[in-house]
Structure formats: structure tokens, C-alpha cells
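Below is one structure, written out as C-alpha cells; the observations come after it.
The values are calculated or read from the model by the stated rules, or taken from the named source; none is laboratory data. These numbers were taken from a predicted model, which means no experiment stands behind them. With ideal geometry, Cβ positions are generated from the backbone for all residues, glycine too; neighbour counts draw on all protein chains shown. Protein only, heavy atoms only, side chains kept; ligands, DNA and RNA dropped before computing areas. Shrake-Rupley method; radii C 1.70, N 1.55, O 1.52, S 1.80 Å.
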Amino acid sequence: MSGLHARYSPSSAHRIIDCPASLQACDGVADDAGYEAVEGTVAHWLHEEWLLTGKRPTQFLGKRPWSFIPHNELTSQEWQLLRHEIGTERDLFVDEGMLNYVEESVLWCREVPGDHFIEKRVNISPWCPIPDQFGTADHFACQPGKLVITDFKYGRGVQVYAERNYQAILYALGVINEYDWEYDFDEVVIRIAQPRLGHFDVWETTKAELLQIGEFIKERFAIAHGENPPFGPTEQACKFCRVSYKCKALADKVLDYFDFEEDASRDDVKLEAEFLTLERAVEIFKMRGLFKLWIGAVEADIATRLSRDPDSVPGLKLVAGRSVRYWPNPDKVRDDLALYIDEDKLYKPREMISPAQAEKLLSKGDRPIVSVLADKKPGKPTIVDADDPRPKWEGDNAAVASSHFDDESDD
Ligand code: SF4
């Protein structure tokens, strides 16, 4: 694992390609990666260790990452994040569940024939407008004529696909750049291992196609390097952008959808001009991802400012939110309440863990037992794009109405 990051890092490629302006816009803005990012760093470190040693790294079980990840393998920012997250938010330590998920990717990598390369730094400078740009590929295997790249994703918030995955393509290009003389690649297989979603995606392509995509990447990277590069707000780009909370291009894109002026000019339908048409409502609905992302980024920025200085944001303040009652001293509660309530009624019945929790505790080999034992209730009705492959809802229409209400029960 490398503690250094290139300016054109493969992990930022999709953002820079969609929105070339974001490269310069993010200059000097600290990365505010949260718990999930730190958790991913730890899982990658275990992944590397396991592939290198060939042994399940059980020696780290129950340990907190700062006690075993070498200091020089992380940037000072990553190191600070690791310490900060552990100190102030959710605790983070290695457990069987994490090792089980890491194992799935490790086994998938190991089954590929050829020469294996683990956490190997590859040079991507030929596709970048400045020298010394590189990426670190989690794993790749080379055999004459064929390259198989595997990118391990520990997160589960966003499902990642292999096809035209710019991050993995840049790793592949870096490998081609360095090893093509030796293996004379023709076929290239790009794979995403995302075990926490049970998602193992494969894209079979060719060196020729990747080199073509490489030209497109090179063009977009050059635009990002030039003067006044264009903004290109998209969900995928803005989600991981460090300036999303203050970006006017993103705000404009979202707010343009709420502009009624276009409808107001329709003097043929006076009443409709005052209300959203169904077409406009559908357009706005389809923007919900970008909208939520934007509001979330603005909210996070305001909260950070207020937490640093309570008077820094005119018209807003931080307060304690709704809090939930709890028993600070369960033994005393049991003794005192037992005077009024039968003791056997004071405790909830033992509750079984969920199928997902069971999967986390089981090894890959034992995990199929969950599919045998578990059943699924029909999912709640959900609105998706018309071209979504799932069949149309044919369930109870009463569920459609009730699905709009949150559970507001007390405590
Ligand atoms: S928030 Fe989106 S549009 Fe704005 S700079 Fe970042 S990626 Fe580009």
C-alpha cells in the first residue's frame, strides 16, 4: 500500500473525466474522507498482507489498525484520519467479518493463472499531462496474451461496475505500459470484487479497446490541466468531490430543474404554468440523487462551521437533536422495576441475528447455508427508471401509499 497520491490518481479519474474543472477546484482542499474510507484502507491492507503471505492474517483480529499498519505506509493525512476516526467516531478494529469479506476477494485473485502482482505501483504518466503520475493496482495476473486486473472494493455504499471503469482501466493501461513487451497482451479482463454486496463483476475487453479509451482519458485529463476547464456535474463526479458544498455548477444544475419560467411562458395553459407538469415532476424526480448529494454537502459544511464557531453562520445554530431514553444502571432498574413488573417481563426475548449478520460471521465456504435457511419478504414499492430490468410492481397498492410514511414511534 502506498502512502502517496498522484495528482491524476486513478481513483479520481471518473470525477476528472466528467468534470475536468474539479481537478483545479479541489486544489488545496483537504480530503475529508470518513469512516468508510478509513475502513477501506484497513481492509486493503489486510488484503495485501493475505495475498503476500498466503496466510489468513488472524494475528490482527481484535486489533485497532493504528497498532499494526506501519506509519510510513500512510500519508500523514490518512494517519490522522485513522487516529481521528478511532478516537471520536465509531470504533474500528479487525474482526472475523472483515477477514471473511477480504478472503472472498483474496480467493478470487488467487484462482487466476499467471504471474501475480500485488499492490503494484504502475506508471500512468503517458495518459497524463504531467510526468510521474502513478496508481497502485490491488492485484493483477499476467500470462502470455492475457491480463486480469482485480480491483477490491470494501465499501458497500455504491455498487461499482467493471465495464468502462476508468480507475481499473488506468491500472490496466499502466500494466500494459510496463509489461506488454514481456506478455504481449491481447485480451484484458477487468474485475471488481465488492464482497460486502456479493458483487463480483467482470468485463472482458482487449488491449486495443483500452488504448482507445486511454486516448479519451488523455484528452479529458489535458482539458483538466488547461485554462478554464469546464464543469460537468454528475452524480458520480460530485459524490466524491471535495468542493461539492460550494460548487455553483452543481447548485445551478439542481436548481435549474426548479425553474418554472419555462412553463410560465406557456400561455396556452394558464393554470399549469403555476404548477409542475408531470413531465417536469419526472425530471425533478430523476435528479433526486444529485439533489440529495448537494443538500447533504451543504448541510455538512454548515454543521462543520457551526461546530467550530457557534456564531459563524447567520440565522442558524446547532442544538441537541431528539434524544432517546436509556437505562444508565440496568441492575438497579431490574431490582426496582421488579417490584412492579414480573421479572420475566423485564427482558426482551432473545433475538436471532439477521441473515446479513450471520453471513458476516460465516466463512465463504459455510455461507451458502444462509441461502438455504433464509426467506425474503417482498420488497417495498420503489420508483426506478423505466428501463430498470426489474419487473413492474404487482403487489398490494395499499403498500404504495403507506411506504411514504416514516415510523414515528416514540423511544
Ligand atoms: S461538485 Fe461536481 S461540478 Fe462541482 S467541481 Fe465538483 S465534480 Fe465538478
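For the chain, the percent of C-alpha pairs falling in each 20 Å distance bin, counted from 0 to the bin holding the largest distance, reads 19, 50, 27, 4, 0. A 1.4 Å probe over all protein chains sorts Tyr183, Tyr257 by accessible area into Tyr257, Tyr183, starting with the largest. Counting only protein heavy atoms and a probe of 1.4 Å, the accessible surface of the range 307-383 is 57% carbon and sulfur. Note on Lys248 and Leu278: their simple-model spin labels are 3.8 nm apart, each label 7 Å out from Cα toward Cβ. Using the structure shown, list the pairs from Lys253/Lys392; Lys63/Lys292; Lys246/Lys286; Lys345/Lys377; Lys63/Lys364; Lys253/Lys376 with a Cα-Cα distance above 27 Å, or answer none. Check vs 27 Å cut-off fails for Lys253/Lys392; Lys63/Lys292; Lys345/Lys377; Lys253/Lys376.
Largest first, what is the accessible-area ranking of Val324, Val319 with a 1.4 Å probe? Kindly include the intermediate steps, with their values, before the conclusion.
Numbers: Val324 85, Val319 105 Å².
Final ranking, largest accessible area leading: Val319, Val324.
Springs between Cα atoms under 10 Å define the GNM used for the chain, and in it the highest mean-square fluctuation of Val189, Val29, Val313 occurs at Val313. Toward the positive end of the charge dipole of the range 164-235, with +1 on the Cβ of Lys and Arg and -1 on the Cβ of Asp and Glu, the farthest Cα among Trp181, Ile192, Gly232 is that of Gly232.
Model label sites at Thr58 and Glu343, defined 7 Å from Cα along the beta-carbon direction, differ in position by 3.9 nm.
Carbon-plus-sulfur accessible fraction, the range 10-225 (probe radius 1.4 Å, protein heavy atoms only): 47%. For Ile124, the residues whose modelled amide H falls within less than 5 Å of its own, excluding neighbours fewer than 5 places apart on the same chain, are Gln133, Phe134, Gly135.
Can you give me the accessible area per residue for the chain, using a 1.4 Å probe, in Å²?
Working: 25800 Å² over 411 residues.
Each residue of the chain exposes 63 Å² on average to a 1.4 Å probe.
A simple spin-label model places pseudo-atoms 7 Å from Cα toward Cβ; at Glu204 and Val313 they are separated by 5.2 nm.
Rank by packing, highest mean first: peptides 335-347, 230-242, 198-210, 39-51, with packing defined as the count of other Cβ atoms within 10 Å averaged across residues. Don't skip to the answer; put the middle values down first.
Working: 335-347: 9.9, 230-242: 18.5, 198-210: 14.8, 39-51: 20.8.
Result, highest mean first: 39-51, 230-242, 198-210, 335-347.
Along the range 23-29 the Karplus relation, 6.51 cos²θ - 1.76 cosθ + 1.60 evaluated at θ = phi - 60°, assigns HN-Hα couplings of 4, 6, 5, 8, 4, x, 8 Hz to successive residues, with x for each Gly and Pro. Once backbone amide H atoms are built at 1.01 Å from N, Asp138 has Phe152 as its partners under 5 Å, excluding neighbours fewer than 5 places away on the same chain. Put Phe152, Phe275 in order of accessible area, highest first, and with a 1.4 Å probe you get Phe275, Phe152. Packing around the peptides 6-12, 351-357, taken as the average count of other Cβ atoms within 10 Å per residue, puts them in this order, highest first: 6-12, 351-357.
With each run of n ≥ 4 DSSP H residues scored as -39500 (n - 2.57), what mean residue ellipticity at 222 nm is computed for the chain after dividing by its residue count and rounding to the nearest 500 deg cm²/dmol?
Values: 16 runs with 170 residues, N = 411.
Result for the chain: -12500 deg cm²/dmol, rounded to the nearest 500.
Sorted from longest to shortest, the spans of the Cα atoms of the range 203-242 along the three principal axes equal 33, 24, 13 Å. Here the calculated FRET efficiency for Arg164 and Ala356, from their Cβ-Cβ distance with R0 = 35 Å, stands at 0.70, rounded to the nearest 0.05.
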